[in-house]
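J.: Before I ask anything, here is the structure I am working with.
The values are calculated or read from the model by the stated rules, or taken from the named source; none is laboratory data. What you are looking at is a predicted structure, and each value in this text was computed from that prediction instead of being measured. In this analysis, Cβ positions are derived from the backbone assuming ideal geometry, glycine residues included, and neighbour counts consider all displayed protein chains.
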């Protein structure tokens, strides 16, 4: 008769792989989403399925379409969407969200961290949030002014998490708190990748494997699960 310990070990061994879309996202986009039929490798992306189930499919907006990479060299051979610094994807617009709280999460490799730009953001009538990198530092925009998040933004692959709540904004890179700052009035009504919808100039060349937006802060379990998954699936630090 197998021991209880053996049963537990067997259950863990046979457990299905973690699915990052299992979190109740407001909108989420995963280049490895099994329910999405991507274009062929090297082709442009006309639409990126919203894996949250809320139907907020992204499409090219202010710029041209990004490129699908079925085995991105900067994401450990996993699928990714490559933004050239002049290409973007954006969701449809919708009524602004109540704030706080709000979370922006991405698995990303920056192409030019020194030049940087906003690679992920939400905007409506200027009450915006965004995550980016400038002069090789991680930064966020929080409704009023850009908050430098510090740290070293490089060309490596990273899991980044911008947490906006009543106390301000906190920036986490690969699970480590980089820095924090204050926030202003925020009510985003459209998500974009490759740029920030409130700014037509701050484009960001990068490759994104996953991007999620949640109208709450991540729970401790969600944070732990995402970090463990990112390390296992993409090989982030």
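J.: Of all residues in the stretch 168-180 being out of contact with any helix residue (DSSP H, G or I) (no Cβ under 9 Å at 6 or more places or on another chain) and surrounded by fewer than 18 Cβ atoms within 10 Å (Cβ to Cβ), which is farthest from residue 122 (Cα to Cα)? Reasoning before the result, please.
T.: The initial filter retains those residues of the stretch 168-180 that are out of contact with any helix residue (DSSP H, G or I) (no Cβ under 9 Å at 6 or more places or on another chain), namely 168-171, 173, 176-180.
Keeping just the survivors that are surrounded by fewer than 18 Cβ atoms within 10 Å (Cβ to Cβ) gives 168, 176-177, 179-180.
Working: 168: 16, 176: 23, 177: 22, 179: 21, 180: 19 Å.
Of everything passing the filter in the stretch 168-180, 176 is farthest from residue 122 (Cα to Cα).
J.: When you scan the stretch 154-167, how many residues do you find that are surrounded by 15 or more Cβ atoms within 10 Å (Cβ to Cβ) and modelled with pLDDT under 95?
T.: So the count comes out to 4.
J.: Being outside any loop (DSSP other than H, G, I, E, B) and out of contact with any helix residue (DSSP H, G or I) (no Cβ under 6 Å at 6 or more places or on another chain) is true for just one of 153, 202, 216, 228. Which residue is that?
T.: Details: 153 fails: outside any loop (DSSP other than H, G, I, E, B); 202 fails: outside any loop (DSSP other than H, G, I, E, B); 216 fails: outside any loop (DSSP other than H, G, I, E, B).
Being outside any loop (DSSP other than H, G, I, E, B) and out of contact with any helix residue (DSSP H, G or I) (no Cβ under 6 Å at 6 or more places or on another chain) holds for just one of 153, 202, 216, 228, which is 228.
J.: I would also like to ask the following. In the stretch 62-95, which residues are under 14 Å from residue 121 (Cα atoms) and crowded, with 18+ Cβ neighbours inside 10 Å?
T.: Scanning the stretch 62-95 gives 88, 89, 90, 91.
J.: Turning to a different aspect of this structure: When you check residue 96 against the structure, is it part of a loop (DSSP other than H, G, I, E, B), within 23 Å of residue 163 (Cβ to Cβ) and under 14 Å from the mean Cα position of the chain (by Cα), yes or no? Before the answer, list the steps.
T.: Working: part of a loop (DSSP other than H, G, I, E, B): yes; within 23 Å of residue 163 (Cβ to Cβ): yes; under 14 Å from the mean Cα position of the chain (by Cα): no.
Criteria not met by residue 96.
J.: If the requirement is being under 15 Å from the mean Cα position of the chain (by Cα) and under 23 Å from residue 224 (Cα atoms), which of these qualifies: 132, 194? Break it down into steps so the answer makes sense when it comes.
T.: Numbers: 194 fails: under 23 Å from residue 224 (Cα atoms).
Criteria check complete, one pass: 132.
J.: Can you say whether residue 141 is without any contact (Cβ under 8 Å) to a residue 60 or more places away in the chain, over 18 Å from residue 58 (Cβ atoms) and not in a loop (DSSP other than H, G, I, E, B), as far as the supplied structure shows? I'd like the intermediate steps shown before the answer.
T.: Numbers: without any contact (Cβ under 8 Å) to a residue 60 or more places away in the chain: yes; over 18 Å from residue 58 (Cβ atoms): yes; not in a loop (DSSP other than H, G, I, E, B): yes.
Judged against the criteria, residue 141 is a match.
J.: Name the residue, out of 126, 55, 96, 51, that is out of contact with any strand residue (DSSP E or B) (no Cβ under 7 Å at 6 or more places or on another chain), farther than 17 Å from residue 205 by Cα and modelled with pLDDT of 90 or more. It would help to see each step written out before you state the result.
T.: On the way: 126 fails: modelled with pLDDT of 90 or more; 96 fails: modelled with pLDDT of 90 or more; 51 fails: out of contact with any strand residue (DSSP E or B) (no Cβ under 7 Å at 6 or more places or on another chain).
Among 126, 55, 96, 51, only 55 is out of contact with any strand residue (DSSP E or B) (no Cβ under 7 Å at 6 or more places or on another chain), farther than 17 Å from residue 205 by Cα and modelled with pLDDT of 90 or more.
J.: Has the stretch 169-182 got any residue that is farther than 26 Å from residue 66 by Cα and assigned to a loop (DSSP other than H, G, I, E, B)?
T.: Among the residues of the stretch 169-182, at least one is farther than 26 Å from residue 66 by Cα and assigned to a loop (DSSP other than H, G, I, E, B), which makes the answer yes.
J.: Follow-up question, since we're still on this one. Check 102, 89 and return the single one that is farther than 16 Å from residue 119 by Cα and touching a strand residue (DSSP E or B) at 6+ places or on another chain (Cβ under 8 Å). Explain how you work it out, then say what you get.
T.: Details: 89 fails: farther than 16 Å from residue 119 by Cα.
The match here is 102.
J.: Further question on the same structure: Regarding the stretch 68-87, can at least one residue be identified that is closer than 19 Å to residue 26 by Cα and in a loop (DSSP other than H, G, I, E, B)? I'd like the intermediate steps shown before the answer.
T.: Start the filter on the stretch 68-87 by keeping residues that are closer than 19 Å to residue 26 by Cα, which leaves none.
For the stretch 68-87, residues closer than 19 Å to residue 26 by Cα and in a loop (DSSP other than H, G, I, E, B): absent.
J.: Given the residues 42, 77, which is the only one that is modelled with pLDDT of 95 or more and out of contact with any strand residue (DSSP E or B) (no Cβ under 7 Å at 6 or more places or on another chain)? Full working, then the answer.
T.: Numbers: 42 fails: out of contact with any strand residue (DSSP E or B) (no Cβ under 7 Å at 6 or more places or on another chain).
Going through 42, 77 in turn, the sole match is 77.
J.: Being without any contact (Cβ under 8 Å) to a residue 60 or more places away in the chain and either more than 16 Å from the chain's Cα centre (by Cα) or under 18 Å from residue 205 (Cβ atoms) (or both) narrows it down to one residue among 73, 61; which is it? Give the steps one after another, and end with the answer.
T.: Numbers: 61 fails: without any contact (Cβ under 8 Å) to a residue 60 or more places away in the chain.
Within the list 73, 61, the selection yields 73.
J.: It is to be established whether one or more residues within the stretch 18-27 are closer than 24 Å to residue 220 by Cβ, in contact with a strand residue (DSSP E or B) (Cβ under 9 Å, 6 or more places away or on another chain), touching a residue at least 60 places away in the same chain (Cβ under 8 Å) and in a strand (DSSP E or B).
T.: Yes, the stretch 18-27 contains at least one residue that is closer than 24 Å to residue 220 by Cβ, in contact with a strand residue (DSSP E or B) (Cβ under 9 Å, 6 or more places away or on another chain), touching a residue at least 60 places away in the same chain (Cβ under 8 Å) and in a strand (DSSP E or B).
J.: Do you know which residues across the stretch 28-39 are within 28 Å of residue 219 (Cβ to Cβ) and either modelled with pLDDT under 85 or assigned to a loop (DSSP other than H, G, I, E, B) (or both)? Walk me through it before giving the result.
T.: The initial filter retains those residues of the stretch 28-39 that are within 28 Å of residue 219 (Cβ to Cβ), namely 28-36.
Selection gives 31, 32, 33, 34, 35, 36.
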